[in-house]
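Below: the structure, in structure tokens.
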Amino acid sequence: MRVLKFLMAACAAALALLATAEPAEAHGRWRGGVVLHFGYPGPYYWGPRYYYPPPAYYYPAPPVVVAPSAPPVYVERDDEAAPPQTEWWYWCPSAKGYYPYVKECPGGWQRVPPQPVN
């Protein structure tokens, strides 16, 4: 009988605390709470927690496949062969000079291949 009166008094006290907590919700936040424990830890147990690392999974390494390589290709170079002509010099026969040393050519420019300097 005493236990029942004690539980009823505890419930009445909890309801009274909840009824007075209304102004705490004025800004949309809950600022209070009542937690009763009777020897059972329940969901609010703050004791030590043991965290274990996740299990390690080991997979076999994939097989290594090496493709056969082609034999090396050797290319002989002919040092005497001249590279293809990409640049030209311009000669003015009337002024007897090359561009850019001669700026204007009244008779027209004549395109000539570059000459090596000796």
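Values in this text are rule-based calculations from the coordinates and carry no lab data. Quick caveat: nothing in here was measured; it's all calculated off a predicted structure. Please note: Cβ atoms are built from the backbone with ideal geometry, for glycine as well, and neighbour counts cover all protein chains shown.
Observations on the structure shown:
- Per-peptide average of other Cβ atoms within 10 Å, ordering 68-77, 107-116 highest first: 107-116, 68-77
- In this structure the amide hydrogen of GLY97, modeled in the peptide plane, comes within under 5 Å of the amide hydrogens of CYS92, none closer than 5 places in sequence on its chain.
- Chain lengthening between ARG77 and PHE6 when straightened (0.36 nm per residue, less Cα-Cα): 14.8 nm
- Distance between the 7 Å Cα→Cβ label points at VAL66 and ALA14: 7.4 nm.
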